[in-house]
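Working notes for the structure below.
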Amino acid sequence: MRLLSSFVLVAMLGLVASTPAPQGESTGNPACSIWLDVRDDMQSGLFNGAKCENGVHKALRLAFHDSIGFSQSLTASGQFGGGGSDGSIIEHSAIELTFGPNGHLEGIVEPLRALAIKHGVSFADIIQFAAAVGVANCRGAPRLEFMAGRSNSSQVSPPRLVPGPGNSVDQILSRMADAGFSADETVDLLASHSIAAQEGLNSAVAGSPFDSTPDVFDTQFYVETLLKGILNTGPTTGFAEKLSPLPGEFRMQSDFAIARDPRTACRWQALTNDPVLMSQAFRAAMVRLSTLGNDRSTLQDCSDVIPIPNSNPSPPTLPGGKTEADIEASCPDTPFPVLPIAPGVAPPIPPVAV
Ligand code: HEM
């Protein structure tokens, strides 16, 4: 009897230990345990209790700006092409944060530097980890992959590898192609601008978001970027700023142009009413972006430490007061999808606290 109960107990313990926990409460890989502590520390401090707000937005932007320092053409010409997702934006912040497109990132670089040192993990890993954990705090987001084990030693990224909002579509697509991303993947990655706002392009309206729902990972960014621009968000026009369709919303030149360019407009439109495609395509592109310049076979898969994001029950809509006539449809072969119109007139969109 005693033997039997010990057996049952051991079996039960085994079962408990091997059952994957929801919300990433434990990890199946002992080498990943350290990341449970880092995650809890990050969620309670940097992300203000697991919220989808400015800290998360900045962490995701930082992950892009670290990784995109990777150029196949520079390498092919015999120069240093950058280490990709190598943590150089933290290790060499004194230089890289002077690059024009890296403005307003110091507020995330310093807390992540401190967290990495405190927990003894690499700068490169903490950047991608913060993006994955942070994105999981946003309703509707995919649960991103997290691979651990990037080196903690990097060289300064070559300059001019981070695309800017004043760049032409040609410049952006060729820069992204040089890092290994197709035009479709570039559009897919811009799903990030669904949980995003600006600070540096027009400081008079710092915190103005790129869509009406900056705390939800949803397709509204793709929908609203195609609406006719009718107003200035602030008292003056900022750098690379285009007219916005909605009070409080900010539209940057590059998003405006990519939404309407023949090479990217049909992918853009396909994402306006397909949250599943948006989520899956963003996840797939982030798998590649987050490990650029690394040998994946040397990394450990610690994705089960990443929380499981809540779903977003709200369907894509046209903002209240707009109709399909306000859409600048730019994919000639496919009609713009019919979307429900939100009731009433859309109220001004409040700024994100920055
Ligand atoms: C490809 C061309 C891209 C351009 C030209 C671009 C440009 C910009 C600019 C100018 C801002 C505003 C920064 C500020 O004033 O604070 C911004 C914000 C942001 N970007 Fe991008 N971006 C691009 C792609 C991406 C990608 C691929 C990601 C991530 C995967 C990303 C993530 C973000 C996020 C999350 C923010 C919001 C930051 C915040 O709210 O503080 N961007 N981007």
Checklist entry - within 16 Å of the ligand (Cβ to nearest atom), at pLDDT 95 or above and not in a loop (DSSP other than H, G, I, E, B) - does that describe any residue in the range 272-279? => result yes
Checklist entry - Looking only at residues in the range 207-223 that are in a helix (DSSP H, G or I) and either farther than 21 Å from Arg267 by Cα or hydrophobic (A, V, I, L, M, F, W, C) (or both), which one is farthest from the ligand (Cβ to nearest atom)? => result Val223
Item to check | Answer residue from the range 97-132, given it is among the β-branched types (Val, Ile, Thr) and away from the ligand (no atom under 14 Å from the Cβ) and is nearest to Ala281 (Cα to Cα) among those | outcome: Ile126
Checklist outcome for this item: Pairing a residue in the range 307-327 that is basic (Lys, Arg) with any residue that is part of a helix (DSSP H, G or I) and modelled with pLDDT under 95, where Cβ atoms lie under 9 Å and the two sit 6 or more apart in sequence or on different chains, gives none
Next on the checklist: Against the condition closer than 26 Å to Val354 by Cα and either modelled with pLDDT of 95 or more or surrounded by fewer than 21 Cβ atoms within 10 Å (Cβ to Cβ) (or both), how does Ile172 come out, does it pass?
Outcome noted: no
Checklist outcome for this item: So, first residue in contact (Cβ under 8 Å) with a residue 40 or more places away in the chain and surrounded by fewer than 19 Cβ atoms within 10 Å (Cβ to Cβ) in the range 99-119, second residue basic (Lys, Arg) and assigned to a helix (DSSP H, G or I), Cβ within less than 9 Å, six or more apart or across chains; the pairs are His104/Lys58; His104/Arg61; Gly107/Lys58
Checklist entry - What number of residues within the range 311-341 satisfy the criterion of being surrounded by 15 or more Cβ atoms within 10 Å (Cβ to Cβ), of a type outside the set (Ser, Thr, Tyr) and under 19 Å from Met278 (Cβ atoms)? => result 10
Checklist entry - For residues in the range 163-206 being of a type in the set (S, T, N, Q) and in a loop (DSSP other than H, G, I, E, B), which is nearest to the ligand (Cβ to nearest atom)? => result Asn167
Checklist outcome for this item: Among Thr233, Thr291, the single one that is of a type in the set (Val, Ile, Thr), free of Cβ contacts under 8 Å to residues at least 40 places away in the same chain and touching a strand residue (DSSP E or B) at 6+ places or on another chain (Cβ under 7 Å) is Thr233
Item to check | Members of the range 62-88 that are within 13 Å of the ligand (Cβ to nearest atom), assigned to a helix (DSSP H, G or I) and under 18 Å from Pro159 (Cβ atoms) | outcome: Leu62, Phe64, His65, Asp66, Ser67
Item to check | Given (1) farther than 30 Å from Arg150 by Cα; (2) away from the ligand (no atom under 16 Å from the Cβ); (3) surrounded by 18 or more Cβ atoms within 10 Å (Cβ to Cβ); (4) of a type outside the set (Lys, Arg), number of the condition Val305 does not satisfy | outcome: (1)
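The values are calculated or read from the model by the stated rules, or taken from the named source; none is laboratory data. Here the structure is a predicted model, which is why all the values come from computation and not from measurement. As a convention, Cβ positions derive from the backbone with ideal geometry for all residues, glycine included, and neighbour counts pool all protein chains shown.
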